[in-house]
Amino acid sequence: MEEKEKYMKEALKEAKKAYEKLEIPVGAVIVKNGEIIARAYNVKEEKNDTTKHAEILAIQKASKKLKAWRLNDCEMYVTLEPCPMCAGALIQARIKKVYIGASDEKTGACGSVLNLLEDYKFNHQVEIEKGICKEECVKILKDFFKELRLLKK
């Protein structure tokens with residue numbers, strides 16, 4: 001297994017925690033020098049807070065651990081393409097690269113709907129690589145929404 005898949009599988013473990021709490025199953029990990037320094041999953045419903053996305057929480061944890069808001073030498077692995085809020089946070093945190101599992105055709109801001117990370121002249125550019133463990137990342141989302149529809153019947 002490649003290193004990229006190894007870290008994305010860790011992000012998927014986080015997404016499964018969200019799934020179990022009936023949160024949209026998105027997980028993220030931040031890696032620096034081959035070590036996971038932060039991990040998080042969505043808790044938007046639990047906390048009644050729009051900003052409690054996995055990416056934001058992982059950035060907060062990494063910043064706390066490193067005692068720095070600049071995460072220049074860090075990479076994020078996230079199971080679903082970041083929304084505009086999270087893409088903005090990646091830029092602000094100076095994340096070096098983001099690895100994405102599933103694309104988000106409705107709110108994705110890393111190439112699907114728009115590309116905040118590469119199409120604009122911000123002071124920092126975040127590299128993007130998509131499709132890491134794509135099938136697993138898509139499956140957990142499809143399974144979640146299918147189950148949610150059944151619960152609402």
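Tabulated results
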quantity	calculated
GNM result for the chain, Cα springs below 10 Å: residue of 108, 34, 88 fluctuating most strongly	34
Probe 1.4 Å, all protein chains present, accessible-area order of 96, 9, 106, largest first	106, 96, 9
Shape category assigned to the stretch 46-110 from the gyration tensor of Cα positions, a/c cut at 1.5	oblate
Degrees between helix 134-152 axis and first principal axis of the chain (Cα, 0 to 90, nearest 10)	40 degrees
C-alpha long axis of helix 54-66 to longest principal axis of the chain, angle in °	40 degrees
Highest to lowest packing among 75-86, 114-125, scored as the average C-beta count within 10 Å	75-86, 114-125
Accessible-area order (highest first, 1.4 angstrom probe) of the listed residues 70, 39, 94	70, 39, 94
Counting DSSP beta bridges with both ends in the chain, the antiparallel % (nearest 5)	55 percent
The chain - percent of accessible surface contributed by carbon and sulfur, probe 1.4 Å	50 percent
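The values are calculated or read from the model by the stated rules, or taken from the named source; none is laboratory data. Not measured: the values here are computed from a predicted model. Neighbour counts are summed over all protein chains in view; Cβ atoms, including those assigned to glycine, are modelled from backbone coordinates with ideal geometry. Quick note on the areas: whole protein, heavy atoms, side chains included, nothing else; ligands and nucleic acids left out. Shrake-Rupley method; radii C 1.70, N 1.55, O 1.52, S 1.80 Å.
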